[in-house]
1. Search the stretch 70-94 for residues being within 15 Å of the chain's Cα centre (by Cα) and part of a loop (DSSP other than H, G, I, E, B), and hand back the single one that is surrounded by the most Cβ atoms within 10 Å (Cβ to Cβ).
2. Strands (runs of 3 or more DSSP E) wholly in the stretch 113-186 with at least 1 residues that are closer than 15 Å to Ala54 by Cβ - which ones?
3. Would you say Ser44 is small (Gly, Ala, Ser), assigned by TED's automatic domain parsing to the domain that holds Ser18 and under 21 Å from Asn170 (Cα atoms)?
4. Taking the stretch 164-194, which residues are out of contact with any Lys or Arg (no Cβ under 9 Å at 6 or more places or on another chain), farther than 19 Å from Val139 by Cα and hydroxyl-bearing (Ser, Thr, Tyr)?
Amino acid sequence: MAPSSIAHQSNEDHTHSSMMAWRVHEFGPPDVMRFERILRPYPSPGEVLVKVKAAGVGPWDGWIRAGKSALPQPLPLTLGSDLSGEVVAVESGDLRVGDQVYGVTNPQFIGAYAEYALASAAMVSRKPTSLTHIEAASVPVIAVTAWQALFDQAQLKAGQTVVIHGAAGNVGAYAVQLARRRMISSFCATSAQTR
């Protein structure tokens, strides 16, 4: 980002009630993103406030930024859906302050490219200790997409066989692993890049 895309604020009194975030005020190419100070949100019932340690980047972030999202996206917005971090405020539910979590922010797939992000408590889980925050932030949307394809849509069961196209890609790689764990045989299809 160009230096002009970074908004500065020198008043230290605002740092405890505010945060830095990558914002979009108009749809377009990557240079429409602005790194700016905004008010820190507070969770409503059913939400948690996460101090973001890592945020995943997916093609849907580019679609949203460019105004090509399948979902309506009011401006201004903070990009990012996949995150990993620490719960710093919670209104209600099973999660507690201090819990290390990972997941998706909300059904609009926005809000994670910030120091703090509101997340639907139903869309985050405690982070496995075997994963770093960076690894955990790479999991949510692609793993859920693979799960939904295999089990929600195809309704595969142990002993069945599935053909997984694009098995070397992000979603495909998760689909292969999930199928194997459910005792589903996989035939995998990939292609060589021939440019």
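The values are calculated or read from the model by the stated rules, or taken from the named source; none is laboratory data. Remember, predicted model here, so these are calculated numbers, not experimental data. When we count neighbours, we look across all protein chains shown, and the Cβ atoms used for this are built from the backbone with ideal geometry, even at glycine.
1. Just the residues of the stretch 70-94 that are within 15 Å of the chain's Cα centre (by Cα), to begin with: 77-86.
From what's left, part of a loop (DSSP other than H, G, I, E, B): 79-81.
Working: Leu79: 23, Gly80: 26, Ser81: 28.
Restricting to residues being within 15 Å of the chain's Cα centre (by Cα) and part of a loop (DSSP other than H, G, I, E, B), the top hit is Ser81.
2. Numbers: elements: 116-120, 124-126, 161-165.
Here the list reads 116-120, 124-126.
3. Working: small (Gly, Ala, Ser): yes; assigned by TED's automatic domain parsing to the domain that holds Ser18: yes; under 21 Å from Asn170 (Cα atoms): no.
Judged against the criteria, Ser44 is not a match.
4. Result: Ser185, Thr190, Ser191, Thr194.
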